[in-house]
Amino acid sequence: MPHYYDIDDILTEEELMPVVFQKAATGVGLLDPSSETNNIEQGAKVELPFWLAAELQRRQAAMMSIPPCFNQTTRKEIQADAGSVDLRSRCPYFYELGSKIALVVGDQTIGSFLLYAFMNRYKEVLSKSHTAAFAATTKPLILLTKEETHLYEAAHSSISAFKKWRMGGSRYETSSFIGRKRKPVE
Amino acid sequence: MAGQSDPKLSIFSAAEMEFLAEDEMVEIVPNMRMEPLNLISGDYGPFRPQIPASVPYWLAVALKKRGKCTIRPPEWMSVETLTRILEAERDSPREFQPLPFHYVEISKLLFDHARDDIPDIYMVRSLIEDIRDVRFHKVETGLETISARTHAVKLKNLSAMEVNIVRPFVVRTLQAFYKHDSPEMIQQPSVTSNRRLPATDRGPRRDLRQR
């Protein structure tokens, strides 16, 4: 369970989901840009952020459908060559959103699809992150989702810290605690 | 025990690893006369000229810097031993050779401070670099085998620095796989759902390296 103030979790739930209203709703016309009145009619198709869509789904006021980043086209692309699919532009929180959707929509295929995608893309991240320590490669990062970027950064920073240590440098560093100036007392 | 360089994460920086490695013992040959040192970590000495004494690396380096001793490089730090280890590392793609736990740090310490005490230093240095590269490549290819069914990784004979480098990556990877493979995400096929495995039994444990 993520932390309440976890910014990644908040941003995940901001992702827009296609939703079909099962009931007419009055006074919420701002949710539907194409609506001329201030009401939403029954059967209207609207895009809502996940946190709102999930609540409406729970109250059976609207039906959530699967967003485009989990449709058949994306699945086929992942099956063809997982490493080169640009998931970042489709949904930067691909895995997190996927696992949330799977529970709400009840689509059992999403779980195994996520696992398959991660397993195959993980190998790409692994091979690139440890070897490309010196070359300033930003290209692989363009394709990666948030979670994969974290992985890449973890490997990259530890190996570059090691290389820096091996090259030498100052043997003793002053602790941040020592260098700190005392705050003036007013 | 956790590193101090980054308060949020429990990882060590390379310099902290070096600090830990300095507690390993090494033989020195002093060229001065000194009474035994009685320290909290133990008693070292007495120091007599030309009589070898066993001290931790930090003391050896401090004495060496002042020109008070020569350091005897450890036994494994010879061209013959290292060549043999390198051969063995190359020949066995699935296992690591036993080396001192802190060999990366110790070799750097000696190369920095006791260059004149190591015979064939250029050869020794390049051999150690080669060994490290070969071993790290093995770690990488081993990590490729991590999959959804892995929830523990066993790495025998891996050294402190090597573990430290891959630690953040491996921990995150295992967490991610664990999350994606949780029973509520991956439903069992409905045919077998009535005799579902208990959640604790998540397949056989996969060793990264069999030994």
Query raised in the report: In this structure, does B:Tyr57 turn out to be in contact with a strand residue (DSSP E or B) (Cβ under 6 Å, 6 or more places away or on another chain), within 14 Å of chain A (Cβ to nearest Cβ) and surrounded by 14 or more Cβ atoms within 10 Å (Cβ to Cβ)?
Result: yes
Query - Pairs with Cβ under 7 Å, 6+ apart, first in the stretch B:170-194 and over 26 Å from B:Gly142 (Cα atoms), second at pLDDT below 85 and charged (D, E, K, R) - result: B:Gln188/B:Arg196
Query raised in the report: Just a yes or no: is a residue in the stretch B:37-56 in contact (Cβ under 8 Å) with a residue 40 or more places away in the chain and outside any loop (DSSP other than H, G, I, E, B)?
Result: no
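Listed here are the residues, each with its yes/no results for (1) modelled with pLDDT under 85; (2) more than 8 Å from chain B (Cβ to nearest Cβ); (3) assigned to a helix (DSSP H, G or I).
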{"residue": "A:Glu96", "(1), (2), (3)": "no, yes, yes"}
{"residue": "A:Lys123", "(1), (2), (3)": "yes, no, yes"}
{"residue": "A:Ser157", "(1), (2), (3)": "yes, no, yes"}
{"residue": "A:Ser160", "(1), (2), (3)": "yes, yes, yes"}
{"residue": "A:Gly169", "(1), (2), (3)": "yes, yes, no"}
{"residue": "A:Tyr172", "(1), (2), (3)": "yes, yes, no"}
Report summary line: Wholly inside the stretch B:60-162, helices (runs of 4 or more DSSP H) that include 1 or more residues that are touching a residue at least 60 places away in the same chain (Cβ under 8 Å) are B:103-113, B:121-143
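The values are calculated or read from the model by the stated rules, or taken from the named source; none is laboratory data. Keep in mind that this is a model prediction, so the values were computed, not measured. Backbone-built Cβ (ideal geometry, glycine too); neighbour counts: all protein chains shown.
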